[in-house]
Amino acid sequence: MDLGGTLVDTCPGNLQGISGYLFISLINSLVQSKCKLGSREAYNEDYSSKIRDGDEFDFIVIGSGSAGSVVANKLSENDKWKVLVLEAGGYPSAVSDIPALLFYLQGTDEDWQYKTEPSKTSCLGFKNEQCSWPRGKVFGGSSVFNAMLYIKGNKRDYDNWAELGNTGWDWENVRQHFKELENMQEENVSDQYGRDGFMKLTKYDPGEPITNSIEEAVAQLGYQNLEEENPTNPLGTLKVFVCIKDGMRYNAAKAFLGNVKERPNLFTSLHSFVNKILIDPATKTAIGVEVKIGEKILKVKANKEIILSAGSINSPQILMLSGIGPKEHLESLNIKVFKDLPVGYNLQDHMLNVGVLVTFAPEAFNLKNNQDELYKYFMYQKGSLATVSTLNFCNFFNTKNDSQYPNIQNHLFAFESNDEKYLEGVLNSFGEKEHILNSKLRGVKDRPSLLICNTLLNPKSSGRILLKTIDPEDKPLINSGYFTDEHGEDLQTYLEAIRYVENLLEIPPMKKFDPQIVKVDLPDCDQYEYRSDDYWRCSLRHLTATTYHPTGTCKMGPASDKTAVVDPELRVHGIKNLRVADASIMPKIVSANTHAPSMMIGHKAGVMIQERWLNQKIEL
């Protein structure tokens, strides 16, 4: 069965005339399942063909991802406001609906296919010394191919934001915005989760002996096994809630736009590429956007506000193309500067080390039959294809034992001994050099394995987004900044994390499965003793990629903060009627996956905008 692209646009009726009830039942189920996958009925009508030059809306939201979908949902609650959502991509494909196939969307038309600039400090083991940075160019944004993990982060994260001058962003304030997003489907959870929101949340147990052993080993190290996220004491293992409904991905566009698609004042325009924001030079007011739809370039007006929710790469790119950004950089490209702001700076990301691959005895995993799993999924939307395997099983720990908060999060990629193609597909998504990929494949032959990925939660290193040219369709320059912190703290914390993993493998619940660390082919690191500190530092510079969490490039801060781009109400400093609402506003990256915090940012932005226009607050 071909799972590529949108499988069907319309669903046929039940098949008839074939003998054998069970066979007919199976075929009917397969056909109907196929119709559910990639079905456009879950989404809003594409309004792009109806937009004309000079059209006016009250609000224009640029981007339909984790934040933008929520902003548009909130603003369209008021039936007197016309809300337009502009999305550069199209409808999600059928493949995106199958949770286990998340890595197969990377490198497709649904991905912006960004790559970092070559660096001497990182990404040395990847093709052309560049790390791939997938981002969603599709209705629903990066929520269409993320790991669907719903983690809010720590109390400390948001309290720190407030301490930096961002009033209203402390934990006590933001927790209610999280709760209003949530539609918790599980019964035995605390009241920290909401049940009336649009985002469906479910939970599953990976059911692998190895994850049970990790829980036992972690407990012996003094950490807890959490039943649900604890924002004030998050150390330990956690089976994370996921954004999955009825065995299919529940992306942000489905949840927050598709569920309100009947609102007559909500318009979504796909394949709509925003070139720039239009600024009135006399009043420094955002008045509209220039957008390319098909072969036409149109100007669309916003009578109230424009909300930029294009993500931590595209949002700064659009601002700079619009004349909002570092004066010297914009003038070097002959872009008229409307406001000199540090757009593109403060780029932070959770680095993901993919260099620790461990094989285990066969009994560490429950061997699955791929045909059985296909049957279970297409018949009932159940089984391993309806999950992200062990990715929802996370381990949060502190390598320095100096805080109740973690500085490392484990992500576990599980591979069965009979599933080499899946392993190759996942590793290919990172873009490793061929000799490295091949050495990993040889190393796991005939044994199941875990890629134990340490994620650095609070990096000291930062990077920058720059324009390459003034052509909006040229990809920007991404300088990741990995391992560039002045004192080498990031590299040292990672080294401590690897030692933690090595120690974990020696604890009896893990040792019984005969863990063996695969020696990856890294010629540049052969000068060092294998598994010495210098060897691991070399390995880290070669095999540390992205956890797909770029943030911070339109930093939030008060007017007194000269490194800030937006104020605590997300208004762009010095420009009226323009806000940024996505992960780019984070002054410091959160200590968790960024999908849930991005949705929270969208919700809080929507509420603040509502309050401004319903109360007719005067913009200062």
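Diagonalise the Cα gyration tensor of the stretch 528-620 and give the resulting equivalent ellipsoid semi-axes, square root of 5 times each eigenvalue, largest first, whole Å.
On the way: eigenvalues 308, 42, 13 Å².
Working through the eigenvalues yields semi-axes of 39, 15, 8 Å.
First measure r as the distance between the Cβ atoms of ARG531 and LYS468, then evaluate 1/(1 + (r/R0)^6) with R0 = 45 Å and state the FRET efficiency to the nearest 0.05.
The value I calculate is 0.65.
Here, the stretch 41-158 is characterised by an Rg to Rh ratio of 1.05, where Rg is the alpha-carbon radius of gyration and Rh the Kirkwood radius. By the rule of a C-alpha distance below 13 Å, with chain neighbours fewer than 8 residues away ignored, the aspartates and glutamates paired with LYS82 are ASP55, GLU56, ASP58, GLU305.
Of the three principal axes defined by the Cα atoms of the stretch 103-172, the extents in descending order read 43, 34, 18 Å.
Label zone of LEU367 (point 7 Å out along Cα→Cβ, amide N under 18 Å): in the stretch 438-476 this covers 444-450. Split the accessible area of the chain by element, probe 1.4 Å, and carbon with sulfur accounts for 47%. If I take all pairs of Cα atoms in the stretch 254-326, what percentage of them are more than 17 Å from each other? Every Cα pair in the stretch 254-326 considered, those over 17 Å come to 53 percent. Residue separation of GLU117 and SER190 scaled by 0.36 nm, minus their Cα-Cα distance, works out to 21.8 nm of gained length.
Within the stretch 211-288, the proportion of C-alpha pairs whose separation exceeds 15 Å stands at 76%. Taking all protein chains into account, the per residue accessible area for the stretch 50-175 stands at 32 Å² (1.4 Å probe). In whole angstrom, the stretch 370-477 maps to an equivalent ellipsoid with semi-axes of 31, 24, 18, each derived as √(5λ) from the alpha carbon gyration tensor and ordered largest first. Rg/Rh, computed from the Cα trace of the stretch 143-241 with Rh as the Kirkwood radius, has the value 1.01.
A 1.4 Å probe run over the stretch 311-385, with the rest of the protein chains in place, finds 39 Å² accessible per residue.
Maximal additional length on extending the GLU45-ARG175 stretch stands at 43.5 nm, based on 0.36 nm per residue less the C-alpha distance. Take each peptide in 289-297, 305-313, 255-263, count the other Cβ atoms within 10 Å of every residue, and average; sorted highest first, the result is 305-313, 255-263, 289-297. Entry note: the chain has Rg to Rh equal to 0.96, where both radii use alpha-carbon atoms and Rh is the Kirkwood radius. Each label point was placed 7 Å from the Cα along the Cα-to-Cβ direction; for ASP246 and GLU129 their separation is 5.1 nm. Take the Cα of LEU614, step 7 Å toward its Cβ, do the same at GLU489, and the gap between the two points is 4.1 nm. Two tests apply to each whole DSSP H helix in the chain, Cα reach of 20 Å or more along its axis and mean Kyte-Doolittle hydropathy of at least 1.6, and none passes both. Structure note, pairs LYS137/LYS254; LYS115/LYS519; LYS120/LYS555; LYS284/LYS327: Cα-Cα distances above 18 angstrom occur for LYS115/LYS519; LYS120/LYS555. Under 5 Å from the amide H of THR268 lie the amide H atoms of TYR47, VAL85, each residue being 5 or more positions distant or on a separate chain, with H modelled from the backbone and absent for Pro and chain starts.
Relative to the current alpha-carbon distance between LYS421 and VAL607, full extension at 0.36 nm per residue lengthens the span by 62.3 nm.
Highest mean first, the peptides 572-579, 365-372 sorted by other C-beta atoms within 10 Å per residue fall in the order 572-579, 365-372. A cut-off under 12 angstrom between Cβ atoms defines the neighbours of THR359, and their net charge, with Lys, Arg +1 and Asp, Glu -1, is +2. Suppose the Debye formula is applied to equal point scatterers at every Cα of the stretch 326-403; what is log10 I(q)/I(0) at q = 0.17 Å⁻¹? Debye output, listed in q order: -0.91. Largest first, the residues LYS555, LYS512 sort by 1.4 Å accessible area into LYS512, LYS555. Assuming R0 = 41 Å, can you tell me the calculated FRET efficiency for the pair GLU216 and LEU374, based on Cβ-Cβ distance, to the nearest 0.05? Efficiency at R0 = 41 Å is approximately 0.80.
Sorting 502-510, 147-155, 186-194 by average packing, meaning the other beta carbons within 10 Å per residue, from highest down gives 147-155, 502-510, 186-194.
The values are calculated or read from the model by the stated rules, or taken from the named source; none is laboratory data. Worth saying up front: this structure is predicted, and the values here are computed from it rather than measured. Please note: Cβ atoms are built from the backbone with ideal geometry, for glycine as well, and neighbour counts cover all protein chains shown. For the accessible areas, the whole protein counts, side chains as well, though only heavy atoms, and no ligand, DNA or RNA atoms are used. Shrake-Rupley method; radii C 1.70, N 1.55, O 1.52, S 1.80 Å.
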